[in-house]
Amino acid sequence: MLETWAVVLAAGEGKRMVSSLPKVLHPLCGRPMLRYVVDAAAAVTGGKVIIVIGRGAQLVREEMGARWRYALQEEQLGTGHALMQALPQLPAEGLLLVLCGDAPLIEKEHLEQLIREHGRSAATVLTTGLADPAGYGRIIRHSGDSGARIRIVEESDASADEKKISEVNSGIYCFDIKYLRRYLPALTPDNAQREYYLTDLVALLQEQGHRVSACRIEDWRVVLGINDRCQLAEAAAIMRERINRSLMRQGVTMVDPSSTYIDFDVQIGPDTVIWPQTVIQGRTVIGSACRIGPGAQIINAEIHDRVIFRQSVVEESVIENEALVGPFAYIRPGSRIGPGVKIGDFVEVKNSRIDAGTKVPHLSYVGDVDIGGGANLGAGVIVVNFDGRRKHRSSIGRGAFIGCNSNLISPLEIGEGAFIAAGTTVTRNVPPGALAIARTDQENCPGAADRLLKKSQPQKEKAEEEKN
Ligand code: UD1
Ligand code: CA
């Protein structure tokens, strides 16, 4: 068995993206498009991948990490020139897969098919048929005395008739390294764009009497190249469908997969039901039998089992078994919502730990607090964690009861089982089991309401009244 290597071309600028980010780093379902290509290549070659970098080289290298080899293409003189930069790192013999960093939908099985069909050819081009082939190199097939031949014509060099051809070059190839070494350096930039086209190698190899094959795959979606943001959205939709199908096969119910947006690295357990308009991002892990959404956004969070999470946002936090969140809650980074905890409507939690069974059912801000289990925070409780200059942390003991509309001025320690009367502004620590109450005394003035209400009636109504 011949040794197989892969080179991924990723040095181009990607002008048509109109972006300051190198094209191959634009994300698709939560990870840079280049990562998908490199993973597919690595799966077939056992990790023997060289990435050709140029535009934004430093950024690309940082993003992809030290696991891969890199070749630098200082000037972007075309795909042929890009591949030349990787030659010195390749062995003398073997097979080489060439992939484009901007065609992220390719999968291991297609590369394996390409290698199979390559057989003993000098080069094999992966092709497909496209309803709209604009922008791609066209495959021109003709048969001469020396057998079937193929040629690739770039869009900018194609005649009107050639442009009608629907079979296109995917930009993915398999080469016999021996021939590549011999003929790649012979490419010239004789074309409309004055670039070294890798596609010209196809003609060159055949002129020299070597066999070049085409491996046509039926599923065009696999080779979709991303040159602009319309194609980026198109590719993302295809990737999303793949992710959703794979999760559904693993036992996740999606009420409407077409409005469910899940990143590639997300994991979800069986019997979890996802309602529409839900976005699950980053490295989120969700357990089994949860109910998520509708309208949820979950970013890099860990959600355990049987959690109900409706119309809410959570980021970089943990939500434990059987907790109830939402509707309309916002759980910010660094929070840990314990088992069976209830976080209700219009509650914001930030960098706080809330232990088992505690309830924060409505209209609260809970920032920088540790709350023991079985506590209850009434409607409108605000933890005042910021004094205008610094943040302070507080703690609330187990089983404490914080009455409605209380302000807790941090830093504070509220003891176990303490009772804070509604409307209290707490400025000092409260010992365990104590009642804290701080309100001004109420006064009732007989008849005063009537007078006040009359006075404040608008002039017009008054006039009406007088007429009657
Ligand atoms: C290329 C092919 C075209 C094919 C299409 C498939 C050539 C000449 N054309 O066209 O036949 O149908 O891909 O998507 O090969 N790159 C470099 N250095 C360079 C130029 C490009 O590394 O100097 C990289 C880019 O980062 C990109 C890939 O090569 O990942 C393809 O380059 P791009 O400019 O997008 O080529 P296309 O015009 O799409
Ligand atoms: Ca391209």
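Compute the distance in nm between two label points, each set 7 Å from the Cα along the Cα-to-Cβ direction, one at Glu234 and one at Gln442.
6.9 nm
Quick one: grab the alpha carbon gyration tensor of the range 81-230, order the square roots of its eigenvalues as a ≥ b ≥ c, and give me rounded if a/c is under 1.5, else prolate or oblate depending on whether a/b is larger than b/c.
The shape class here is rounded.
Anything over 19 Å Cα to Cα? Flag those among Lys350/Lys391; Lys108/Lys163; Lys15/Lys164, in the order listed.
Lys108/Lys163; Lys15/Lys164
Return one number: the angle in degrees, 0 to 90 and rounded to the nearest 10, between the long axis of the Cα atoms of helix 33-45 and the longest principal axis of the Cα atoms of the chain.
On a 0 to 90 degree scale, this one is about 50.
What shape does the range 240-436 have by the C-alpha gyration tensor, where a ≥ b ≥ c are the square roots of the eigenvalues, rounded means a/c under 1.5, and otherwise prolate means a/b greater than b/c and oblate the rest?
prolate
How much mean residue ellipticity at 222 nm does the chain get from its helices, if each DSSP H run of length 4 or more adds -39500 (n - 2.57) and you divide by all residues, to the nearest 500 deg cm²/dmol?
Calculated from helices alone, the mean residue ellipticity at 222 nm is -6000 deg cm²/dmol.
For the peptides 159-172, 366-379, what is the packing order when you average, over each peptide's residues, the other Cβ atoms within 10 Å and list the highest mean first?
In descending order of packing, they fall as 366-379, 159-172.
At a 1.4 Å probe, what is the % contribution of carbon and sulfur to the accessible area of the range 240-436?
Of all accessible area on the range 240-436, carbon and sulfur atoms account for 51 percent.
Rounded to the nearest Å, what's the spacing between the alpha carbon centres of the range 195-252 and the range 53-116? Just the number, please.
First find each Cα centre; the distance between them is then 15 Å.
Once R0 is set to 35 Å, what does the formula 1/(1 + (r/R0)^6) return for the Cβ-Cβ distance between Glu117 and Gln208, expressed as a FRET efficiency to the nearest 0.05?
The computed FRET efficiency comes out at 0.95.
Starting from the Cα of Thr188, step 7 Å along the direction of its Cβ; do the same at Asp256; then give the gap between the two resulting points in nm.
Calculated label separation equals 6.0 nm.
Stretched out fully, how many nm does the piece from Ser156 to Ala449 gain, at 0.36 nm a residue minus the Cα gap?
97.1 nm
Among rounded, prolate and oblate, which fits the range 97-143 when a ≥ b ≥ c are the square roots of the eigenvalues of its C-alpha gyration tensor, a/c under 1.5 means rounded, and a/b larger than b/c means prolate?
oblate
With both bridge residues required to lie in the chain, what share of the DSSP beta bridges run antiparallel, to the nearest 5%?
Percent antiparallel among DSSP bridges in the chain is about 20.
Ranked highest first by the average count of other Cβ atoms within 10 Å around their residues, in what order do 108-118, 72-82 fall?
The peptides rank, most packed first, as 72-82, 108-118.
Counting only C-alpha contacts under 8 Å and six or more residues apart, can you give the relative contact order of the chain as a whole percent?
This gives 8 percent for the chain.
May I ask for the Kirkwood hydrodynamic radius of the chain, worked out over all distinct Cα pairs and given in angstroms to one decimal?
Averaging 1/r across every pair of different Cα atoms and inverting gives 26.8 Å.
How many Å² of accessible area per residue for the chain, probe 1.4 Å?
49 Å²
Where does helix 108-118 land angle-wise versus the long Cα axis of the chain, in degrees 0 to 90, nearest 10?
Long axis of 108-118 versus the principal axis of the chain: about 0 degrees.
So, by mean Cβ neighbours within 10 angstrom, what's the order for 326-332, 309-315 with the highest one leading?
Taking the mean over residues of other Cβ atoms within 10 Å, the ranking is 309-315, 326-332.
Need one number: nm distance between label points at Glu413 and Ser288, each 7 Å from Cα along Cα→Cβ, rounded to one decimal.
Each label point is offset 7 Å from its Cα along the Cβ direction, giving 4.3 nm.
The values are calculated or read from the model by the stated rules, or taken from the named source; none is laboratory data. Here the structure is a predicted model, which means the values were calculated and not measured. All Cβ positions, glycine included, derive from the backbone under ideal geometry; neighbour counts span all protein chains shown. We work out accessible area using only protein heavy atoms, side chains counted, and drop any ligands, DNA or RNA first. Shrake-Rupley method; radii C 1.70, N 1.55, O 1.52, S 1.80 Å.
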